[in-house]
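I have placed the structure first, in the form of structure tokens, so that the comments after it can refer back to it.
The values are calculated or read from the model by the stated rules, or taken from the named source; none is laboratory data. If you're wondering where the values come from, they're calculated on a predicted model, not measured in any experiment. Reconstructed Cβ throughout: ideal geometry from the backbone, glycine too, with neighbour counts over all protein chains shown.
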């Protein structure tokens, strides 16, 4: 993050047949003394609904082909992290058969040809309901990076990363990650919830950090969310995120800086938003004839022929003027984005300047249009520990050392737009990796071997994390 951008301690995916063209850019080269870029991306490869599935798992070859070219060419990462949720889509039993093809094409694509090491973790064992999270975590390392290590949580040691490896099915037995599904009683309304997290730990340029892929609980009903401020769903997400933060900072392992990025399902304070948007409106309540349960709220202007401003149902948020959510990227609504404020002493986020990332239309011709199912919100985020922000390089030679943005603003990518954070790790920042390969008595990774057998001080790493699939 550059010194000119103020971070936020408080709250501050495109699917289409034609994709935006990227300007040709040279592939990343890491000359001696230069920083290493490590982007982490929260991407749209994970549909919650079938429509989000099409770009990666469609029978149409133009949609099924992985398309990382724009991100890779624009940001030229040395380390790329991609976190996905709901991998396989809503109908995962039928769609999981397409996952292997997608992963193979991604690993062999031209855009990724200079990434000679990769780790892919796919939780696709949907038959194990007590463990299934449908999370997918992808990590790509450029050939110019030397001596990269990943932490073995069972052996409690670092192992050098070599080659390309894919892990799926029972990730519970994979020692290179921690994976947990939230207990069912966290969200009893959702019988088959797949919410949870996956954690990996890395050591690059002698700097240790955790990357956490997360998927939190959604708002099951707009009507319930409207009843209180904050909503009951906000409290559920608060509990789940607090659990994750406690888990990754407990006493089992030495603490490290961490980045948590994925679909947090953070929503605007619905009651406050409605009161602001419909200040001069009168409310009509519609109840079910048999149960007397509230099934719809209609807000009408007091004058102007009582024009309908907003209709609210369990899965309907139909506001008459969508420009409110697009003007100035909707940032005027950030005052209602309050869920992160509870964690202001534990989490940090750069300023948001992109529009709400959810819920976009799944019509391929409506890349900028929001669906009228939910109030638009910044569900997809990249958050970090307070110590992690110290890893980011402040470069006097660059106007922006960090970029926090979304991908495909005018392209249909499903109901979520991918969000990313790109930055550079400051040299000497962060907690040093304690030892190489877990060899007893070996000093920390202060030196990095060159091909000529000599050693040199590790150089800073450019990093770019990003958020939601």
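Would you check if there is a residue in the range 127-140 being buried (at least 16 other Cβ atoms within 10 Å of the Cβ), modelled with pLDDT of 95 or more and more than 21 Å from residue 87 (Cβ to Cβ)? For the range 127-140, residues buried (at least 16 other Cβ atoms within 10 Å of the Cβ), modelled with pLDDT of 95 or more and more than 21 Å from residue 87 (Cβ to Cβ): absent.
Scanning the range 242-267 for residues that are within 25 Å of residue 80 (Cβ to Cβ) and assigned to a helix (DSSP H, G or I) gives 244, 245, 248. Picking from residues in the range 385-407 that are at pLDDT 90 or above and in a loop (DSSP other than H, G, I, E, B), the one that is surrounded by the fewest Cβ atoms within 10 Å (Cβ to Cβ) is 386. Name the residues in the range 268-304 that are surrounded by 12 or more Cβ atoms within 10 Å (Cβ to Cβ), assigned to a loop (DSSP other than H, G, I, E, B) and touching a strand residue (DSSP E or B) at 6+ places or on another chain (Cβ under 7 Å), would you? Scanning the range 268-304 gives 268, 278.
Residues 414, 428: which one is at pLDDT below 90, at positive phi, in a loop (DSSP other than H, G, I, E, B) and crowded, with 24+ Cβ neighbours inside 10 Å? Reasoning before the result, please.
Details: 428 fails: crowded, with 24+ Cβ neighbours inside 10 Å.
The unique qualifying residue is 414.
If only one of 196, 235 is within 30 Å of residue 378 (Cβ to Cβ) and buried (at least 22 other Cβ atoms within 10 Å of the Cβ), which one is it? Reasoning before the result, please.
On the way: 235 fails: buried (at least 22 other Cβ atoms within 10 Å of the Cβ).
Within the list 196, 235, the selection yields 196.
The set of residues in the range 345-367 that are under 19 Å from the mean Cα position of the chain (by Cα), assigned to a loop (DSSP other than H, G, I, E, B) and closer than 30 Å to residue 255 by Cα comprises 346, 351, 352. Looking across the range 181-194, just one residue is at pLDDT 85 or above and either in contact with a helix residue (DSSP H, G or I) (Cβ under 7 Å, 6 or more places away or on another chain) or under 18 Å from residue 118 (Cβ atoms) (or both), and that is 182.
Let's see how each residue does on (1) at pLDDT 95 or above; (2) under 22 Å from residue 359 (Cβ atoms); (3) assigned to a loop (DSSP other than H, G, I, E, B):
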site: 121; (1), (2), (3): yes, no, no
site: 154; (1), (2), (3): yes, no, yes
site: 158; (1), (2), (3): yes, no, no
site: 165; (1), (2), (3): yes, no, no
site: 200; (1), (2), (3): yes, no, no
site: 214; (1), (2), (3): yes, yes, no
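Yes or no: the range 315-323 includes at least one residue that is within 33 Å of the chain's Cα centre (by Cα) and part of a helix (DSSP H, G or I). If you could, list the steps in order and put the result at the bottom.
As a first pass, look at the range 315-323 and keep what is within 33 Å of the chain's Cα centre (by Cα): 315-323.
Filter once more, so that each one left must be part of a helix (DSSP H, G or I): 323.
Yes, because at least one residue in the range 315-323 is within 33 Å of the chain's Cα centre (by Cα) and part of a helix (DSSP H, G or I).
So which residues in the range 75-103 are closer than 26 Å to residue 210 by Cα and modelled with pLDDT under 80, if there are any at all? Across the range 75-103, the qualifying residues are 75, 88.
Taking residue 209, is it within 14 Å of the chain's Cα centre (by Cα), at negative phi and either in a helix (DSSP H, G or I) or surrounded by 20 or more Cβ atoms within 10 Å (Cβ to Cβ) (or both)? Spelling it out, it is not the case that residue 209 is within 14 Å of the chain's Cα centre (by Cα), at negative phi and either in a helix (DSSP H, G or I) or surrounded by 20 or more Cβ atoms within 10 Å (Cβ to Cβ) (or both).
Suppose the filter is more than 19 Å from the chain's Cα centre (by Cα) and under 30 Å from residue 224 (Cβ atoms); does residue 306 pass it? Yes; evaluated as a whole, the condition is true for this residue. State whether one or more residues within the range 100-119 are buried (at least 21 other Cβ atoms within 10 Å of the Cβ), in a strand (DSSP E or B) and touching a strand residue (DSSP E or B) at 6+ places or on another chain (Cβ under 8 Å). Yes; the residues of the range 100-119 include at least one that is buried (at least 21 other Cβ atoms within 10 Å of the Cβ), in a strand (DSSP E or B) and touching a strand residue (DSSP E or B) at 6+ places or on another chain (Cβ under 8 Å).
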